[in-house]
Every structure is written in structure tokens, then in C-alpha cells.
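No value in this document is a laboratory result; all are computed from the given coordinates. Note that the coordinates shown come from a computational prediction; the quantities given were computed from them, not determined experimentally. Cβ placement follows ideal geometry from the backbone for every residue including glycine, while neighbour counts extend to all protein chains displayed.
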Amino acid sequence: MSIAIQIPGVKLGLIEATNVQVQLVHPGLAAEMDAVCDRIRRTHTIDQVALLDSVRGVRGMFRAWGVDPSRYRPSSEALLRRVVQGKGLYRISNVVDVCNLCSIETGWPFGLYDRAHLDPPIVMRLGQNGESYEGIGKQTWHLAGRPILVDSRGPFGCPISDSTRTMITEATGSLLSVIFAPATVSEEELQRALERYAQRLESYAAARTARLAVIFS
């Protein structure tokens, strides 16, 4: 699967995986999450989060798209702020938790989608007037002017908040995950993040990684 990028300033890292085994709790993953969150909380203040190179890069990417990152906060920054405030990461499922853990380590937004509910081709572009979807944990999410992923059925993902249509559930058996990284990030750095992500999916969700790819406009 590939994604056609129609907006500037972004590199995408893609992972496709099969044989995914979703469970609510994985003790090994929970311990790793606690350790990473504790390290971040001890070494950063809430004011320092916005000064991180990765966060500044993502904010610059949003501004280039005409999106105010203080009003529509990138998902990675929102997670980092939560961690620094001592609230830790959400505990949702092993697959979602791996995604969130990798996101706070890199400072980049990650999208996570049930492959069975995607209908290619997929495009990344800015939302148009009238486009919306039901966001995870939110009410209707209006998408005009915001960076979105769209398949033949319509919008389904965004580096701010994803849709309920393609969210991971206990029935998920295959997935597509997307890393939204600034274009200034090297392919090597993005590839390393993909490989670490894939290793965790294999270790904590028994996933078989089918494909890793870097795409840029």
C-alpha cells in the first residue's frame, strides 16, 4: 500500500503488519511505558516540550499547512504534555500503546488504522469544506483546512485525531500505521524509528511486519 502526498513539508513512514493479536494489557509493554514516561517526566518541564527539536519541527510543518498547532495540537505533542504533567500514557491496548510509546520517543505524530477498513488508493491532503468524521474520543471532527488521510470511502486519519471507522479493536488482524515526520527528518532517522516500531509490534502483539516504507513529496 502507498500514499500519494499532495501537501508539502512532510515525510511519511509506513508500516503494514499482519497476524496482529490485540489484547488489553501486556505486562512487558506496561513496564517499558512506565520507564520511558518516568524518564521524560524527570528530564522535561511542560515549557520545555515546545522547545524540543522534534516538536518544533512538527509545529513548523503544521504552520506550513496553515494549521495553528496551539489550537489544533499534534497528537505527539499532546501525549508528551500529558506525560510531563505526570499523567502517563493512556492504556488502551497493546497495539495502540506501542504506537503511543513510539510517538512520544520520536516527538512525531503516529496514525494507526485497521487495514480491513481501508479502501485504497490513499491520499494525504488538506481537508475540504464539509468533510468530517467521528473522531476517537471526540464528537464530529470537522476537517476543512486540516491535514488528512483519505481513501475511496473518505477521510479517516489525521496527525491530530483519527476516526472511529478505522480504529484498532480487539477484532483487528492487520494494520497500517503512518508516521507523520517533518521533511527535514532524514530517511535514515525515519527508517530507524520504523524498525523500532516494528520490533515492538512483533514483541508485544505477535505482529508480522509485511512492509516498511518511507514516502516523501
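I'm trying to understand the selection: among the residues of the range 171-211, which are assigned to a strand (DSSP E or B) and over 15 Å from the mean Cα position of the chain (by Cα)?
Just the residues of the range 171-211 that are assigned to a strand (DSSP E or B), to begin with: 175-182, 208-211.
Selection gives 208, 209, 210, 211.
Residues to consider are 1, 33; find the one that is in contact with an Asp or Glu (Cβ under 7 Å, 6 or more places away or on another chain) and in a loop (DSSP other than H, G, I, E, B). Even if it seems obvious, please write down each step before you answer.
Numbers: 33 fails: in a loop (DSSP other than H, G, I, E, B).
None of the other options fit; the residue is 1.
Of the conditions (1) charged (D, E, K, R); (2) surrounded by 15 or more Cβ atoms within 10 Å (Cβ to Cβ); (3) within 20 Å of residue 68 (Cα to Cα), residue 138 clears all except one; give me its number.
The number of the failed condition is (2).
Quick check on the range 174-190. Is at least one of its residues exposed (fewer than 15 other Cβ atoms within 10 Å of the Cβ), more than 18 Å from residue 54 (Cα to Cα) and aliphatic (A, V, I, L, M)?
Scanning the range 174-190 turns up no residue that is exposed (fewer than 15 other Cβ atoms within 10 Å of the Cβ), more than 18 Å from residue 54 (Cα to Cα) and aliphatic (A, V, I, L, M).
State all residues of the range 66-110 that are in a helix (DSSP H, G or I) and touching a strand residue (DSSP E or B) at 6+ places or on another chain (Cβ under 8 Å); if no residue qualifies, say none.
The initial filter retains those residues of the range 66-110 that are in a helix (DSSP H, G or I), namely 75-84, 94-106.
Result: 75, 76, 95, 96, 99, 100, 102, 103, 106.
Check residue 151 against each of (1) touching a residue at least 60 places away in the same chain (Cβ under 8 Å); (2) under 18 Å from residue 4 (Cβ atoms); (3) in contact with an Asp or Glu (Cβ under 6 Å, 6 or more places away or on another chain); (4) crowded, with 17+ Cβ neighbours inside 10 Å and name the one condition it does not meet.
(1) is the only condition that residue 151 fails.
So which pairs qualify, if the first residue must be in the range 59-71 and under 13 Å from residue 127 (Cα atoms), the second must be assigned to a loop (DSSP other than H, G, I, E, B) and hydrophobic (A, V, I, L, M, F, W, C), the Cβ gap must be under 8 Å, and the two must be at least 6 apart or on different chains?
Once the first residue is under 13 Å from residue 127 (Cα atoms) and sits in the range 59-71, its partners that are assigned to a loop (DSSP other than H, G, I, E, B) and hydrophobic (A, V, I, L, M, F, W, C) give 65/7.
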